[in-house]
Each structure stands twice: as structure tokens, then as C-alpha cells.
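Since the structure comes first, as C-alpha cells, the remarks are kept for the end.
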Amino acid sequence: MKPSLSIVLFFVFLLSAASVQAQHCELEKMSSFVRRLALEETARQRAAHAPSALSQKERELFAFVSLSASSDSALTANGCRVLYRQGDLCIAAIPLNCLPALSCSAQVRRIEARKGSRALLDSVRTEVGAESAWKGIAPLTQAFTGRGVVVGVQDIGFDLTHPTFRDSTLLRTRILTLWDQLSTDTVGSALPVGRSYEGSEALLSLGHSRDGLIMAHGSHTLGIAAGRGYNGEYSGMAPESDICLVANATSDNASLIDSADVYKYTYALDALGFKYMFDYADSLGKPCVVSFSEGSGEDLRGDDRLFYAMLDSITGPGHIIVASAGNSGARHCYLKKSAAVKSLSTILSTSDRSGSLTLCGRGAYGLRLICRGEQNDTLTATTAGVLGSADSLLTDTLRLRGSDVSVIVAGYPSSFDAASTALEVVLRSDRPLNSGFITIEMFSDTTEVELLTSSFELVGQSPDYVAGEASHSILSPSSAPSVISVGATSYRSYYTNYQGRVVNTNHAQGGLRAWYSSVGPTWDGRTKPDVMAPGSNIISSYNSFFLENNPNDYHVAADVERFNFGGRTYEWNCNTGTSMSAPVVAGVVALWLQANPQLTPEGVLRVISLTSTHPDASLTYPNNYYGYGQIDAYAGLLHILGLTGIKGLADHQPAELKLILRGTTLRVEADSPLVRPLLLRVYSTDGRQILTKQLPAGAAIYEMALSTLPAGVYAVQADGGSTELHGSTLIRL
């Protein structure tokens, strides 16, 4: 999973509280990022004794705004532009210097923004049952391949020319449209940023998203979800689906963003990207599933409340979002001090120069931050002290091994529990914060206090310091109720690259949870992830333009094969993470949408809950490690089509028998001549057995005429007297 555009903006006005007597802001209405921007802008204007030199248009923030009235008058009065509105929730372009006044409007309930996300196939189709869903030869004989469904992917680094994204003629791309949010070719574009490209000719001529010379992540995830493969290799989950793309901004490609536009690239723009793909699919009259292999850490601030509400409003029948759970499953990022314990300390560890954490408790409590060395430097803050300060804000500078560490502590009511107080701590230094020894102590007489951080590792190296728990690490928006959250399982512990070198990655085998896969619960106590799929050492398409521009990059050393097509060198690449498992599930959902285009997120979760496999039999499902288990494409299709109620119908294909439809003739191919008779039964989707035939022993190839049956989907059950010759398949006449 790739990192999200988490460019933390720290207060540039680390001055005395008296110098920050800025124009009034209702800070409790703002998410932490918006709050920082508002105070930063006010400090900048006061320092210059004049409005910002940049115009309002040049410095706009794209944010979610919740309104208490049907009118947009509060927005228009403050120079805002409404980009999209759904009821009392909208996405608006807000001039930064209007944030304080906007927050004071009685019509405005909340303003929320955060920088965007971190951007986080050979055997996979067998492991999740996809091959059993669409195995066959010609497209018309494959039962479920994603045909008639739009697979959307919002990611970075797309190669639009890779043959795996082309149709069966290899002349046209199956990519229907691309909104490149980083494109500078904006003349005539009606989109908030960048522009869209439509049609095979325009897309193949463009070649790649603007970041395609420096990024490749999206080419890999798209191949997993919807690639056709090339020369029979490495097909994705929904190989005949249509494709719709959004190339967005993350911390990886942020260097391409003009400084005047940086505040536009928030997760509000990601939400507009989801809506763009859903709207495009609607224009074609097709259902759509979107894969999102990016995310940002959850927090105790509740900065995703409006984001979640917007996702709830745009998802629904035929509109599904699937997102990576994250790769922080081994990170110790949560710690709880019980009410009976007076104090609890842990060590903060990170190689970054900045980091943040949040504490929360119902009642009075405090924290003690200590930079340890020959002379300890300490900051002590209590809920009463922080809330009683100007703007509920304390600032200080500590010394750590000869360098300064700027510290900000902000206090506010918890968004999850109004009776709880959250203390947000932000640290910044010119040197990595693990160049010294930083500890934090939570203390109170009777209050239970929780600590959450997505920046630090909580380390316990002695009885005085307690290591945190490896939990609560699900990323947002995978943590949203309406989003299908996907963790990763492992099957392959090594791969062989294109140079013949065996690379041992030491991942688990047998379909167990990968050690890196993030775990729940969410901060409001919900079980996540929802489902699992293979994510370790997954082979898929890669970006030929990235290879051409970065021939010695370590990513391309993971190529398992390179080939020539149309004068360019293309590649199949091996990659690992929940970034890889999310598009597996998105592709499977595309097969399910082909069977039922009106599936909702709740409907998808119900199918998952009833048909997923349980890799670890010692656990009760659902749980915060596996969710409902590993997705099973074929079993899910059987359930959606109402075939699971057929007595004796297997939920898998026979291991040593192929049932292939050619025209209206069912061809039966056994691995070796049958030693016993084989019984075939054909069922309609309403559960009726409509045909039966017994094939004699002695041959390996048989045929059964189905010309008397009307067009439709049917289940064919084979019973050959052994486990290997027992199973079912779906066919479409």
C-alpha cells in the first residue's frame, strides 16, 4: 500500500500566545488539518499586516463542509465554490484566508480536510476461486469475467498502453477514460484539477498518467483487478471488464504539484475521483466497483467523519468501493492506561523528522513528554492546562541530542465521544526523531487514557516502558463503514526474477494472514478488515514507461519477465502488500456485479460473510485479523445466483476435470481416462435439475449437447466417484 499525501503543515507562528490573537475561529468545527491552516493563514496575515499576497483563487482548500441549512449562502459569501453537494454535505473550494470567517457562520457545522493518501497474477485466480468462475476458452463461453461491469481504479503511475489492458484484438485499450488529476493540460477542462482523456486513440497516444515516468503502482494494481493477461499469462480477476481510471496525488508524486495548488489535493478530491468513476459507469448504464490501494492513518480526532458521510452518499446499488486495510499490522501503535493505573510510559520510535499522536480520556489526565539525554528536557501538559490556553493550544521547544524538537499540544472534545477530551501532540525536528530517546507518560488518578499513533512505534525496552499493542492499524478510507476493507494473506514465500535469481521474501504460506496486514478494530469499535485476499508476491503488469525512465530502480529488479510488444519492452512484476489484495477483491466483486448489478456494499458484505473461507480454524469469524475470512469468488457467485440451496452442489470445480462450454455443447475433459462412470447434472438458477447424463468409463473426453436449453446461466455438477472428479461449474448459454 502506497503512502498518502500526508504533508503535515506545522504552525509557522510558534510564538507566544499573546501574538496569536488572530481573528476569531471556531476551532471545534474544524478538523485538525483545517485548524492548522486557519491559524497558519491568520498568523501569516498578521505578520505581514495585510492580506496574503496570493489571491484567493490561487490558495484554495478543497474540503468537506457540513451545513445546517439548504442554502449555500455562507459559502458564497466567503468566496467559496461548491464542487459537489449531496444534501447538507458538500465538497467546496475554500479560499484559505476565508477559513476563520467561514467557521463562524451559523450555517456551518463542520469543515474537514486532510491531505490525501499513501499509495500503498498467476496463481491468485485459483486461490480465490476466480478461475472457477470464468474458466473457458472464448469470451462468450466464460460464465463470469466482468463483462458489462466497470472496474475503476484510483491510483498513481498508470501505463495506458500495456497489452493486458487491451481487448482481444490488442488494437484497442479497454480503458474507457482517465481523469489525470495532476495533468497540466487544463485548458477547456471542467474538472476541479487536471483533465480527463477518453477513447482508445487519445489514451494510447497519451501513453501514461503524468506521474507515469516516476511511479508504477497503479499499473500493478490495475492488472490484478482487470488485466486480461498476455499470451495466456497473469490474467487479473475481471479480464473482460471495462476500465475507468483516476490518477490522483499522494506523497509519492507530490513533487509534481504546483505550490499554489497543494491545498486542493486533499481526500475531498479523492472522493470526487470516486464519484467521477461512478458517474461515468452510470452514463454507460453499468455497475461499477472501485479499487483504492491507498490510505491514511485513522485517528482519535474523527477527521474522517465527513469523508465517511460522503462515501456513504455515493456508494449504493452498483456503486462499490474496495480499499486496502494497510501494511501496519506489525506496528505497535496503540496503548491503553487503565483507570486503576496512575501512570504508564512508552518510548516513541520513528526514523522520520516529524510525527504525531493522540491521547483521549473521559476525565482529567495529563502527559509528560521527555527528551532524554545527559540533561532531560521535559514538557508536561494536562487537559485543564491545554483547554485553558489560548486557542486550546500549547507550544514548546525541547532539546534532543543537540537539536531542537518543536512540540505542539492541542486539546478538543473527542469526535467519537463528546464527553472525552483528546490531546493531539505534534513533534517536528531537523533531525530524525530516533536520533535520541523520547518517552511519553500518560498519568491520571482515575481516568482511563488511550493513545493512538500512526507515526511512531510504541516500544517497551524495560519494566519502566510498556510496548504498545499491534492493533487499531486499519487505514482510512478502508475503515469507513461503506467501504470493503481488505487485508492480505500469503501463499508464496519466494519468487524468481527475470534474471533467474531466486528472491526469498519469507512470507507465510498456506493462505494465512500476512504479518504486515493491518488489523482492527476501528476507533469506534467496529470489526475490520472485512475480508482477505492474497497479497504477498503477486505477479501483475508494471509500467513500461517507469522501466524505461528508471532502468536501475530496485522496483524493476522484481520483474519476473520482460517481453516486447509493439516496439516497447513491457514487464510482469512481483509485488507485496494489501495494495495487491484490494484489487483482487475488487475484481471478484466485478464478477458478482455481473451476476447482480444492483449489489450494494451491504449486499457484498453479506455474500462475503456467508461464503468466505476460514484460513485459521482456531479463530471465530468475523475477527479483527481476517474479517470474515478469505474471499471465494465462485462460492459467492453460487450464493448470488441462488444455487447454494441445491442439495449436493459443490462450491468448487473438480480438480482433475474440466467442464468447458463450446457453443451449445458441454465438453468434458479428464486428466486421464475415467475408471468409473461420471454423472453430470445440470441445474437452473432457480434450483431445478433439468438435465442428467451418465458418461461411461474408459475415455478422457466426452461431449453433452445442451441445445435444448434456453439462454441463461446454469450450474453443472460432476460426480465421478472421487474427490478429484467431484465439483461444479457455471456456464452461460
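Things to note:
- Looking only at the stretch 480-490, and only at residues there that are at pLDDT 95 or above and touching a Ser or Thr at 6+ places or on another chain (Cβ under 6 Å), the one that is nearest to Thr576 (Cα to Cα): Ala488
- Residues in the stretch 555-563 include at least one that is surrounded by fewer than 16 Cβ atoms within 10 Å (Cβ to Cβ), of a type in the set (A, V, I, L, M) and under 24 Å from Thr161 (Cα atoms).
- For the stretch 298-305, the count of residues that are surrounded by fewer than 24 Cβ atoms within 10 Å (Cβ to Cβ) and either in a helix (DSSP H, G or I) or of a type in the set (Lys, Arg) (or both) is nonzero.
- Here Ser444, Ser415, Ser435, Ser429 are screened, and the one residue that is modelled with pLDDT under 90 and either within 15 Å of Thr380 (Cβ to Cβ) or crowded, with 19+ Cβ neighbours inside 10 Å (or both) is Ser415.
- Test: residue in the stretch 651-658 that is part of a loop (DSSP other than H, G, I, E, B) and aliphatic (A, V, I, L, M): yes
Per-residue answers, yes or no, for (1) within 23 Å of Thr250 (Cα to Cα); (2) modelled with pLDDT of 95 or more; (3) open to solvent by 10 Å² or more (accessible area, probe 1.4 Å):
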site: Arg492; (1), (2), (3): no, no, yes
site: Trp515; (1), (2), (3): no, no, yes
site: Pro529; (1), (2), (3): yes, yes, no
site: Ile538; (1), (2), (3): yes, no, no
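- Within the stretch 447-478, the set of residues being closer than 25 Å to Asn623 by Cβ, among the polar types (S, T, N, Q) and at pLDDT 95 or above comprises just one member, Ser478.
- Residue count for the stretch 406-432 satisfying the condition of being touching a Leu at 6+ places or on another chain (Cβ under 9 Å), farther than 16 Å from Ala390 by Cα and of a type outside the set (A, V, I, L, M, F, W, C): 7.
- Within the stretch 570-623, the set of residues being among the aromatic types (Phe, Trp, Tyr) and either farther than 14 Å from Val290 by Cα or open to solvent by 30 Å² or more (accessible area, probe 1.4 Å) (or both) comprises Tyr570, Trp572, Tyr621.
- Test: Thr177 is β-branched (Val, Ile, Thr), surrounded by fewer than 24 Cβ atoms within 10 Å (Cβ to Cβ), at pLDDT 90 or above and outside any loop (DSSP other than H, G, I, E, B): yes
- Qualifying residue in the stretch 515-526 (condition: closer than 21 Å to Arg228 by Cβ and not hydrophobic (A, V, I, L, M, F, W, C)): no
- Strands (runs of 3 or more DSSP E) (entirely within the stretch 1-118) containing at least 1 residues that are modelled with pLDDT under 70 and aliphatic (A, V, I, L, M): none
- Every condition in (1) open to solvent by 20 Å² or more (accessible area, probe 1.4 Å); (2) at negative phi holds for Asp391 except the one numbered (2).
- Search result, residues across the stretch 335-365 that are at pLDDT 95 or above and hydroxyl-bearing (Ser, Thr, Tyr): Ser338, Ser343, Ser345, Thr346, Tyr365
- Between His220, His319, the distinction of being closer than 26 Å to Pro163 by Cβ and under 17 Å from the mean Cα position of the chain (by Cα) belongs to His220 only.
- Residue in the stretch 230-240 that is of a type outside the set (Lys, Arg), in contact with a strand residue (DSSP E or B) (Cβ under 9 Å, 6 or more places away or on another chain) and at pLDDT 95 or above present: no
- Pair list, Cβ under 7 Å, 6 or more apart: the stretch 683-697 residue over 13 Å from Lys647 (Cα atoms) and polar (S, T, N, Q), other residue outside any strand (DSSP E or B) and modelled with pLDDT of 90 or more: Gln694/Pro677
- Only a single item in (1) surrounded by fewer than 20 Cβ atoms within 10 Å (Cβ to Cβ); (2) over 23 Å from Arg513 (Cα atoms) is not met by Leu451, and it is number (1).
- Scan of the stretch 454-486 for residues that are surrounded by fewer than 24 Cβ atoms within 10 Å (Cβ to Cβ), within 18 Å of the chain's Cα centre (by Cα) and under 16 Å from Ser349 (Cβ atoms), ordered by number: Ser454
- Leu182 being within 22 Å of the chain's Cα centre (by Cα) and among the aliphatic types (A, V, I, L, M): yes
- The numbered conditions (1) touching a Phe, Trp or Tyr at 6+ places or on another chain (Cβ under 8 Å); (2) within 17 Å of Gly329 (Cβ to Cβ); (3) part of a loop (DSSP other than H, G, I, E, B) are all true for Tyr625 except (1).
- Residue check, Leu674 out of contact with any strand residue (DSSP E or B) (no Cβ under 6 Å at 6 or more places or on another chain), surrounded by 13 or more Cβ atoms within 10 Å (Cβ to Cβ) and at negative phi: yes
- Look at (1) touching a strand residue (DSSP E or B) at 6+ places or on another chain (Cβ under 9 Å); (2) surrounded by fewer than 16 Cβ atoms within 10 Å (Cβ to Cβ); (3) part of a loop (DSSP other than H, G, I, E, B) and you find that Pro710 fails only one, number (1).
The values are calculated or read from the model by the stated rules, or taken from the named source; none is laboratory data. Only a predicted model underlies this, so the values are computations on that prediction, with no experimental measurement involved. When we count neighbours, we look across all protein chains shown, and the Cβ atoms used for this are built from the backbone with ideal geometry, even at glycine. All accessible areas refer to the heavy atoms of the entire protein, side chains included, with ligands and DNA or RNA removed. Shrake-Rupley method; radii C 1.70, N 1.55, O 1.52, S 1.80 Å.
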